[in-house]
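Please see the structure below; I have some questions.
What follows draws every value from the coordinates through simple rules; no lab data is involved. Keep in mind it's a predicted model, so treat the numbers as computed, not measured. Reconstructed Cβ throughout: ideal geometry from the backbone, glycine too, with neighbour counts over all protein chains shown.
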Amino acid sequence: MSDSYIVTFREGVDITPYIEEVNNNGGQVTHIFTTVLNGFSAIIPSGFVPVLQELGADDGILIEEDGIVTIT
């Protein structure tokens, strides 16, 4: 399993605390989305993903493994 994820939240949620949580727990935020999505991409240790999911439950967090999407 890749450690690269896209993390999104409901519109209007302040994502700064979540970025700090990722960076303080062994991860690295690689891009912050500011127009189409409210969220960020990051390298997150797989053990921290469930913790982050629980922390963001009230803010509509969605964590998806980053990858290539193809249409057939």
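Quick one: what do you get for segment 4-65 if you divide its Cα Rg by 2.2 N^0.38 Å?
After normalising by residue count via 2.2 N^0.38 Å, the value is 0.96.
Suppose every Lys and Arg Cβ carries +1 and every Asp and Glu Cβ carries -1, with no other charges. What dipole size does segment 4-65 come out with about its Cα centre, to the nearest 20 debye?
160 debye
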